[in-house]
Structure formats: C-alpha cells, structure tokens
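What follows draws every value from the coordinates through simple rules; no lab data is involved. Fair warning: this is a prediction, and the values are worked out from it, not measured in the lab. Don't worry about glycine lacking a Cβ; one is built from the backbone with ideal geometry, like all the others, and counts go over all protein chains shown.
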C-alpha cells in the first residue's frame with residue numbers, strides 16, 4: 001500500500017496524503033481559526049508544522065507514521081552566507097516533524113510544487129507550465145542569486161523541464177538604480193494596498209473593483225512601471241514590484257500610498273484598479289506567449305498565487321495562443337502540499353498520476369449536529385433524509401439564505417458546495433442582504449455554481465469545477481440572475497457535475513422548481529476568518545450571521561422569524 005505525504009510549513013500551512021490513489025488534504029487554518037494560519041502581523045517566514053491537518057490526514061486514511069513511504073515539502077528559506085539552503089532548511093523542518101517522518105523528509109522547489117499541484121491532476125500530456133507568485137525557493141547556482149518569481153516549464157509524462165526563469169535584476173526606481181527583488185505577485189499586491197483600505201482582502205477586492213473603472217485614466221502611469229522585454233522578460237520599476245507600498249506613486253496632484261487609500265474617491269480607485277489589472281494581465285500573457293513559442297505545447301497549466309486572478313484566467317488561453325488552460329485547483333501556497341504529495345506519489349514511488357478531479361472535497365466531514373448545537377431562536381426540523389433536497393430548494397426558491405454543510409470539506413480558498421452559503425441567484429434583495437451579512441464591499445460579486453450540462457445555455461467561455469475563472473453571461477440571460485453577474489457582464493463560474501457530493505442533487509432539484517440550473521454560492525465564514533470546518537461551528541455561524549436555515553448532512557435547522565443572534569466574531573474552538 002504506497003503512501004505519499006506532502007507538507008507546507010510556510011504561508012497557508014497545509015498537509016496532503018495519498019493512499020492507494022486517494023487524496024486527503026486540509027489546511028491548518030481550519031483548525032486554528034486564523035486566516036492563512038498566521039497571527040496578525042506575523043511574518044511569512046515563520047515556520048509552523050501542519051500538526052492538526054497532518055494528524056487528520058493520517059487518522060482519516062487509517063495510516064500510522066511508519067507506513068508513510070515518501071515525505072516531500074517545498075523549500076522557501078533564502079541562502080545562508082556560503083551555505084546550501086535546502087540542506088539547512090530540511091534539517092529545520094525535519095525537527096518539526098515526528099519520527100520517522102522527519103528522517104524521510106525531502107525538499108523540492110516551491111514553484112515545482114505549485115506546478116505539479118496542477119499538472120499531475122490535469123489529465124494532460126504535453127503542456128507548458130507557468131507559475132507566478134510573490135516569490136518562491138532560492139534559485140541557487142543554476143540561475144543566480146534571488147528567488148523564484150516567474151517560472152516556466154515544459155511538461156511531459158515523467159518529465160519536469162524548467163525552461164524559463166525570471167531573475168531579480170537591477171531596475172530604475174525613484175531613488176536611482178537599485179536591486180529590485182520584484183515580482184508580478186508583489187506588484188499586484190503593492191498596487192492593491194494603494195487602492196483598497198485596510199479591512200478588505202486587497203488583491204481580490206481590487207480585481208472586483210477594476211470592473212467598474214476605466215483603465216485609460218491611469219494607463220500610461222501604470223504601463224511605465226512594467227517593461228516587457230524579449231524572451232518573456234518582465235521588469236518592474238523599483239520599488240513598485242516589491243512589498244514597499246509606502247513609497248508614494250505620483251499621478252497628477254495625487255500621491256498613491258497604502259496609508260492614503262481610504263481618502264481617494266471610489267471612482268478614482270476603480271480607474272486605478274482597472275489600469276493595474278490591464279497591465280498585470282498583459283505581463284502574464286507576454287510570458288505565456290513566450291512559453292508557447294518555447295515549448296510548442298497547445299495546453300497551459302497555471303499555478304501560484306497570481307493564478308487566483310479569475311478575471312485574467314477567463315481569457316488567458318485565448319490571449320496567449322493556447323487551446324486549453326488548466327488551473328491548479330488550489331493555486332495558492334497551501335496547494336504546494338498537494339503538489340509535493342503528487343510528486344512523491346508519481347515520481348518518487350512510481351505510481352500512475354491521479355485522474356483529473358471534478359471536486360476538491362478532500363478534507364474532513366463536519367460531524368453530526370447535536371441538540372446542544374441548536375442556537376437560541378432556532379428549531380430543529382429533524383433528519384429529512386431524501387426530502388432535504390426538495391425542502392431546501394423550496395426555501396431557496398422563496399428567497400431564504402441557507403448555510404449548506406455537506407460531506408468532505410473543500411481544500412483551497414473557495415467554498416465549492418461543501419461549506420457554503422447558498423441563495424437564489426436572481427431573488428431581489430439577496431445580494432444586498434448577503435453583502436451586509438458578510439460585511440463585504442458592495443462592488444464585490446458573488447459566484448454562481450452551475451450544472452455543467454447547462455453551462456453553454458447561460459455562459460460563453462470556459463469554466464471549471466474550482467471557481468478559478470470568469471465566463472461571460474449570455475446577454476439574454478443576465479436579467480434572470482443579476483445577483484451573480486458582475487458589472488462587466490462576467491461571473492466566476494463553478495461547474496458542478498451531476499455526481500458532485502455537495503451540490504449535484506440540490507442544483508437539479510432547484511432547476512426543476514425554478515427553471516434555473518444555478519445557485520449563488522459563497523463561502524461559509526465570518527469576515528477575516530477561514531471557512532468553517534465542523535457542524536457545531538456551522539450552527540454557531542448560521543445564527544451569528546443571521547441566516548434563515550442550516551442544512552448539515554440531512555438535518556435541517558431553521559431560524560425563528562426575527563430571532564437572529566448578534567454578529568459573531570470568530571468560531572468556537
């Protein structure tokens with residue numbers, strides 16, 4: 001019985017285990033209750049073992065420590081003076097693990113782990129691979145000093161060939177020429193901090209706000225910060241491709257800084273965001289086109305933090321000359337644990353790659369609701385069995401907003417129908433009420449979960465099961481589902497197959513009752529906290545958020561009219 005374990009000790013700490021071809025994966029934040037498993041202000045370089053997610057993986061699979069054959073993790077530490085990073089870091093990480101896992105630990109590059117978290121479950125043969133984020137592993141003697149920023153691969157079965165690597169270089173900034181450890185990931189975050197006031201997630205909020213803006217207003221200013229050179233090279237003027245969002249960026253009479261974001265009128269910030277999104281997308285397409293020429297592949301696999309930009313992903317294949325695009329189900333740092341486990345499973349232990357997934361329900365089940373979990377002002381409608389789907393669909397059709405907790409928890413940053421809040425996508429007032437419930441900016445869109453057999457009736461363009469890209473709503477359909485259509489006519493679509501254990505049957509029931517093959521799907525969490533994990537947390541959260549009902553498994557709880565609790569601030573342990 002071959003067993004491969006993948007771990008991430010850095011940002012978005014996580015664990016993934018493959019046993020007999022089955023993947024178990026979870027993020028440590030779901031146990032700690034801390035977004036990204038980091039205390040506020042804690043530096044990304046702080047190492048933590050994914051102790052509880054690892055323990056769950058082993059317990060769920062029925063595996064003892066000694067049965068794990070391969071243990072892999074992504075390295076991230078910079079070179080010590082005159083030293084060898086991976087050897088030193090391996091010893092440090094191994095000390096955080098119980099034996100014999102520590103002795104068996106091996107390290108791989110951060111970007112390669114990102115890439116394999118997509119490629120090895122894509123079902124593709126020959127493909128180009130692109131990883132873009134703020135930064136990864138040290139590059140070492142093969143590529144010179146610095147860290148991974150943008151990496152390109154030529155991928156074939158059994159072969160991982162790194163063919164393109166951005167290298168931090170000298171760049172001109174407002175204080176002259178300086179070494180700029182720049183990256184497109186840092187650039188996007190840097191600009192987002194200048195646009196989005198504290199309290200909202202900066203990158204996702206800026207991407208949403210960009211749909212309301214006119215890029216022409218700041219196009220020249222932003223374009224002068226990014227130089228697109230030959231061979232796919234992207235250079236960013238210092239310090240705007242770094243973490244320094246305090247150095248002013250002057251535009252006319254205004255100086256854009258992180259501290260001044262809240263003082264800028266929303267319309268100006270939208271125009272600035274639109275220009276940044278346009279320039280960022282152009283830079284990614286520039287590199288992807290270079291990989292198309294280098295590899296001659298017709299398919300592209302995209303991963304890394306920048307692959308969370310669903311607006312870019314909606315047109316990336318078309319704009320860069322690829323026939324198909326596969327985005328890693330969890331392209332953020334937590335996904336490196338999945339990539340490391342897949343590497344151990346396939347390349348180390350010699351097993352066949354896993355099939356392409358249609359869901360990311362790789363985590364723990366929520367457990368059952370008990371009588372003591374029922375919040376004040378709520379009542380238990382009992383175990384409805386097969387009647388749950390029709391009952392919940394009817395509530396949704398009538399405008400109720402419902403917590404939906406079903407089966408294994410999703411891996412990744414987006415709820416995919418296992419730990420979700422659901423609503424009618426066209427019911428008047430639902431969107432405004434949800435924005436209030438989740439304390440979100442009004443310009444941020446909600447996503448539709450759509451039966452895959454009906455996708456083409458409603459949208460043009462491609463979509464995937466992981467809510468990783470936008471598609472364009474057909475104009476004649478937009479008025480029927482306004483709550484999931486963004487200002488620019490797009491929606492971040494999640495396709496749902498009939499056998500999806502979280503949403504398949506409910507979506508079909510809702511379609512039969514309303515004629516709509518989709519639901520509004522947003523994550524079941526409180527602002528600033530991770531998506532919930534357990535049934536007890538779901539009951540607490542449903543009451544604190546003021547939802548109308550909660551379904552956990554086949555049990556349904558309903559709120560007594562007008563008996564909502566005060567907004568909750570965090571999950572109980």
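Structure notes:
- Of the two radii for the chain, the radius of gyration is 0.95 times the Kirkwood radius, both from the alpha carbons; that is the Rg over Rh value.
- Modelled FRET efficiency - R0 25 Å, residue 479 with residue 433, Cβ distances, 0.05 increments: 0.80
- Three principal axis extents describe the C-alpha atoms of region 124-322; from largest down they are 53, 34, 29 Å.
- With the highest mean first, a sort of the peptides 307-313, 240-246 on other beta-carbon atoms found within 10 angstrom per residue produces 307-313, 240-246.
- With the helix formula -39500 (n - 2.57) applied to DSSP H stretches of n ≥ 4, the chain reaches a computed 222 nm mean residue ellipticity of -8000 deg cm²/dmol.
- Distance between region 13-27 and region 450-508 - C-alpha centres, whole angstrom: 28
- Once you divide the Cα radius of gyration of region 496-566 by 2.2 N^0.38 Å, the number left is 1.24.
- Between residue 52 and residue 460, the distance separating the two model label sites (each 7 Å from Cα on the Cα→Cβ line) works out to 4.7 nm.
- Sequence ranges 431-444, 462-475, 269-282, ranked by mean other-Cβ count within 10 angstrom, highest first: 269-282, 462-475, 431-444
- For region 340-423, the spread of Cα positions along each principal axis, largest first, Å: 54, 30, 25
- The gain in end-to-end length when the residue 262 to residue 67 segment is fully stretched comes to 64.8 nm, 0.36 nm per residue minus the alpha carbon separation.
- Distance between the 7 Å Cα→Cβ label points at residue 91 and residue 453: 6.0 nm.
- Directionally averaged shadow of region 371-559, computed from the convex hull of its alpha-carbon atoms, nm²: 9.7
- The orientation-averaged projected area of the convex hull spanned by the Cα atoms of region 178-253 comes to 6.0 nm².
- Estimated inter-spin distance, residue 370 and residue 501, nm [label 7 Å along Cα→Cβ]: 2.4
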